[in-house]
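These notes concern the structure reproduced below.
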Amino acid sequence: MATYVAPIPQVSASRAQRQASGWTSWITTTDHKRIGIMYMVTTFVFFCLGGVEALMMRLQLGAPNNTLVTPAVYNQLFTMHGTTMVFLFVVPMFAGLANYFLPLMIGARDMAFPRLNALSFWLLLAGGVVFYASIFFNPPEAGWTSYAPLSNANFSPSGGQDAWIYLIHLTGLSSILGAINFYATIANMRARGMSWGRLPLFIWAILTYSVLIIFAMPVIAAAVTLLLTDRHFGTHFYDPANGGSPLLWQNLFWFFGHPEVYIMVLPGFGIVSEILPVFARKPIFGYKAIAAATVAIAFLGFLTWAHHMFTAPIPEAILVFVMLSSYFIAVPTGVKILNWIATLWRGTIEFKTPLLFCAGFIALFLIGGISGVFLATFPVDWQLNETYFVVAHLHFVLMGGSVFTIFAAIYYWFPKMTGRMLSEGLGRLSFVLMFVGFLTTFLIQHVIGLDGMPRRIYEYDNVGNLHLYNLISTVGSFILGLGVLVTIVNVARSVKVGVVAGPDPWKGNTLEWFTPSPPPQNNFDVIPVVRSAEPMKDIRREVQRRTTGADATGTATVPSGATQVGV
Amino acid sequence: MGHLLSTTLAFFTPLSGGSPNANEIDSLYKIVLVVALVVFVAVEGALVYALVRFRKRRGAVPAQIRGNTRLEVGWTVGAAVILIALAVITFVKLPAIQNPPNSGPNGDQLAGSGRVLYASSERKLPPNGKALNITVIGRQFIWQYVYPGANEPDGLGAPYSYEAMVVPTNTTVTLDIVASDVVHSWWIPELGGKFQAVPGYHNYTWFKIPKPGIYRGQCAVLCGRGHARMLATVRAVPPAQFDEWLAKQKREISEANAAAQAARAKLNGQTGAGQVENP
């Protein structure tokens, strides 16, 4: 064998790691801001796909007994639309916003687990891509609720249903990992002085969102796993002919499904609670009540699932209990709405686009909340359940609620993410089109439901005024679509030519406005000590005090800390 | 004017008018609607007022208020009180929606006498225990109705019909709703609420139609590609006419069965019965 050679001492220096650039810098990144942007761009693409599916459905329903699409295609459209909006847009869009702004708002340099964070995003993308790949084969067609036995192998043999299961698993895993990450970050990485009572309300909302995801997502994961084994491995969990139960699916699905509703709307509440005080130039009214209401809603949200099953064969005691718990959850929700209005009260409201979307949100969400009381009253629900009244209700809370707050967040935080302002003119145009389009589309759907039209039907006879009402709804949906398009144009344009924003264009209250726009990779060179729920107000006051004589009322006031950070 | 009012009201309320339970649901709905309108006007009004009145003006100074405990406790309690009131009203209204009344004096007098095939703790019967019980079977993509009055003691040979249900007027009809394949939902809007037909489960409802007429509805839970065409009608006819129809249905079914048997026997005679295995 080779003789032993004594090692020669040598000086070695590993090469400094080259900074990744171009697209590799994106796919290898663990920076929470870049991951956040990838989340937002990806989910917005899915939002557009889901929107196109919605418009195709509205086109089909624009005329009675229309033959534009076949029944199979129509079923595929609403299945893809619902699944996309819930699992590939609203939930992950909020995850994206939280990814970007949670560390900035609590004064951290990144998330607690940066690589896990990247994994969350790639799982989401994988789930979405596999799901959408099914459109080249057989898309799923059992609805986003995929009730068993319809979703079982003998009634839905196509692989699309399996793509749907795959999507639920991957996006669910993505959400759970993300939620654990958010929770760990909030619990451990807050700036000095940021006690729970000084946590921004958006962060309170994300904390609650995370807890809800950690409790609710495993339930749907279990439910679809049982469906998967029923479909392929001969089990009979949902098969009544062999001792299984179709109601088990409904219970498991809605035990996840109702907390999911709050997963989709609480972060929106948080966004509104951040934006209103900034543009009313007034502190949030009842900080503690809003934080407490958020937690109360999350808890009660686990007790109301069976209100989706009021027409299923369930005992009367359950009907009564669930009606009461659903009523109770309206109390903290109503309290929040009143707190927001009280925040505007006696303020000096600047009508910038983010505020418009927030005000639109309050107006629309209130309608959705009120129609929810009708649906929670179970004898009334016996008439309204599974009709267009429910479609209207869920879009008022989910589109009026979540989507309007997402648009508010885009307009509010775009300057921070890109360093440039979005155009106010296009923003206002987009808001007006979306608001008017939304009301035109969905107000009339209450009446369509009251007139007896069930949801998820590809054609209807022209009984009464159904043609007219559906046509109004279809026209509205295209106005709504146009409004979304205007924001897309606005974003595409402003990224390049928008007015340079500076670190704090809105004179915000929270720490993300302390650092330059866009923030450097380490977020902050100096992390300030937090002394209240509105740290930026304190910092601006301090800057003003030290530079006496300077004009502190101008919007371009730059905090002293921030000027040193951006290098 | 009265017509305009009723048309406007119909615009904002669910369909009703076929059966007392539908009417009771409609009146409960109207109570909720009134409360909802008051809340809607008050809150949207406050929002719009705040947006207009407190928009940024020269010289205006925002009031730095962080909350008001008494006000906040007040509106929390206020919201709770409204909802408790609605809950109480619902419970008051509930019996009239859920519990079927006795059949009218000019209803089908045979109804209920030994016609209940099996009892359940969750099925509600009229006070006198007499109702015409029809089993509603949901299947892709048609409704089947099985009426009492089986020809044979084991319950076989019961008269049935598809899609169009025929019932006597002024008679309490209880429905036993089941499904044979996937989940469906029975719904005739003017005859009361909808109830899921779930394979392996029984679900129950009732109606009582005072005057002859045709009431339309359709399956309300997605059940596959034919969901939109899974229609149902209920035709209410005077009791005498119903008895006639039921007898005719029974006769036709047994005639058809007999004809089928004869045809089968003839076919077997030609091809050789029991020889299928060894052609």
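What follows draws every value from the coordinates through simple rules; no lab data is involved. Predicted model, so just to flag it, every value in this text is computed and none were measured. No Cβ is skipped: glycine too gets one built from the backbone with ideal geometry, and neighbour counts run over all protein chains shown.
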Query raised in the report: With no solvent and one point on each alpha carbon, what is the Debye value of log10 I(q)/I(0) for the protein assembly as shown at q = 0.10 Å⁻¹?
Result: -1.08
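Quote the charge dipole size of the stretch B:132-265 about the Cα centre in Debye, to the nearest 20; the model charges only the Cβ of Lys and Arg (+1) and of Asp and Glu (-1). Walk me through the numbers before you get to the answer.
Working: 12 positive and 10 negative charges, 82 e Å.
Its charge dipole is roughly 400 debye.
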Query raised in the report: How big, on average over all directions, is the shadow cast by the Cα convex hull of the stretch A:198-352, in nm²?
Result: 11.3
Report task. Please report A:258, A:32, A:236 as a ranked list, fewest other C-beta atoms within 10 angstrom at the top and most at the bottom. Result -> A:236, A:258, A:32
Report summary line: One checks the Cα atoms of the stretch A:268-336 and finds Rg and Dmax, in Å, of 15.9, 52
Query raised in the report: Given the convex hull of the Cα atoms of the stretch B:1-114, what is a quarter of its surface area in nm²?
Result: 13.3
Report summary line: In the protein assembly as shown, taking the dipole from +1 charges on Lys and Arg beta carbons and -1 charges on Asp and Glu beta carbons about the Cα centre, the listed residue (B:37, A:167, A:348) farthest towards the positive end is A:348
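For residue A:541 and residue A:109, compute 0.36 nm times the residue count separating them, minus their Cα-Cα distance, and round to one decimal in nm.
Numbers: separation 432, 0.36 × 432 = 155.52 nm, distance 2.46 nm.
Net length gain for the segment: 153.1 nm.
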Requested in this report: Evaluate the distance, in nm, between pseudo-label points positioned 7 Å from the Cα of residue B:30 and of residue A:30 along their respective Cα→Cβ axes.
Outcome: 6.7
Requested in this report: Rank B:25, B:193, A:272 by how far each Cα sits towards the positive end of the charge dipole of the protein assembly as shown (+1 on Lys, Arg Cβ; -1 on Asp, Glu Cβ) and give me just the farthest.
Outcome: A:272
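How long are the semi-axes of the equivalent ellipsoid of the stretch B:132-265, taking √(5λ) for every eigenvalue λ of the Cα gyration tensor, in whole Å from largest down? Spell out each step's value before the answer.
Working: eigenvalues 116, 80, 35 Å².
Semi-axes (√(5λ), whole Å): 24, 20, 13.
If you place +1 on the Cβ of every Lys and Arg, -1 on the Cβ of every Asp and Glu, and leave all else neutral, what size is the dipole of the protein assembly as shown about its Cα centre, to the nearest 20 Debye?
On the way: 57 positive and 41 negative charges, 645 e Å.
Dipole size: approximately 3100 debye.
With respect to the cross-link table entries B:93/B:211; B:93/B:248; B:30/B:130; A:33/A:496, which display a Cα-Cα separation exceeding 29 Å? It would help to have the intermediate numbers written out before the result.
Values: B:93/B:211 24 Å; B:93/B:248 40 Å; B:30/B:130 31 Å; A:33/A:496 19 Å.
In this structure, B:93/B:248; B:30/B:130 lie more than 29 Å apart at Cα.
If packing is taken as the average number of other Cβ atoms within 10 Å across a peptide's residues, how do A:304-310, A:237-243, A:531-537 rank, most packed first?
On the way: A:304-310: 23.4, A:237-243: 16.7, A:531-537: 19.4.
By packing density, highest mean first, the sequence is A:304-310, A:531-537, A:237-243.
Which order do the peptides B:138-147, B:188-197, A:362-371 take when ranked by the mean count of other beta-carbon atoms within 10 Å per residue, highest first?
Numbers: B:138-147: 19.8, B:188-197: 26.5, A:362-371: 22.7.
Taking the mean over residues of other Cβ atoms within 10 Å, the ranking is B:188-197, A:362-371, B:138-147.
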Query raised in the report: What angle, in degrees between 0 and 90 and rounded to the nearest 10, separates the Cα long axis of helix B:2-12 from the longest principal axis of the Cα atoms of chain B?
Result: 90
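Using +1 on the beta carbon of Lys and Arg, -1 on that of Asp and Glu, and nothing else charged, what's the dipole of chain B about the Cα centre, debye to 20?
Around 1480 debye, computed over chain B.
Report, in cubic angstrom per residue, the convex hull volume of the C-alpha atoms of the stretch A:339-425.
On the way: hull volume 9.6 nm³, N = 87.
Measuring per residue, one finds 110 Å³ for the Cα hull of the stretch A:339-425.
Which whole number gives the average, over all residues in B:41-53, of C-beta atoms from other chains lying within 10 Å of the residue C-beta? Spell out each step's value before the answer.
Numbers: counts 0, 0, 10, 6, 0, 6, 10, 3, 3, 12, 10, 1, 4.
Rounded to a whole number, the mean comes out at 5.
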**Report entry** Share, in percent, of DSSP beta bridges within chain B that are antiparallel, nearest 5
**Finding:** 65
Query - Low-density loop positions, chymotrypsin sites (Phe, Trp or Tyr not before Pro), the stretch A:123-170 - DSSP coil, at most 15 other Cβ in 10 Å - result: A:137
Report summary line: What helix-only [θ] at 222 nm does chain B give? Using -39500 (n - 2.57) per DSSP H run of at least 4, over all residues, to the nearest 500, the answer is -14000 deg cm²/dmol
Report summary line: Mean other chain Cβ within 10 Å across A:345-358 is 4
Query - Zero-based 10 Å bins, Cα pair distances in chain B, whole percents - result: 6, 20, 25, 18, 12, 8, 5, 3, 1, 1, 0
Report task. Run down the lysines and flag those whose C-alpha is under 25 Å from the C-alpha of residue A:288, throwing out any fewer than 8 positions away in its chain. Result -> A:336, A:507, A:537
Query raised in the report: Looking only at other chains, what is the average number of their beta-carbon atoms within 10 angstrom of each beta-carbon in A:105-111?
Result: 0
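Calculate, for residue A:482 and residue A:318, the FRET efficiency according to 1/(1 + (r/R0)^6) with r their C-beta to C-beta distance and R0 41 Å; round to the nearest 0.05.
FRET efficiency, residue A:482 to residue A:318: 0.40.
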Query raised in the report: How high is the FRET efficiency from residue A:48 to residue B:37, r the C-beta distance, R0 35 Å, rounded to 0.05?
Result: 0.45
Query raised in the report: So how tilted is helix A:246-280 from the main axis of chain A? Cα-based, degrees 0 to 90, rounded to 10.
Result: 40
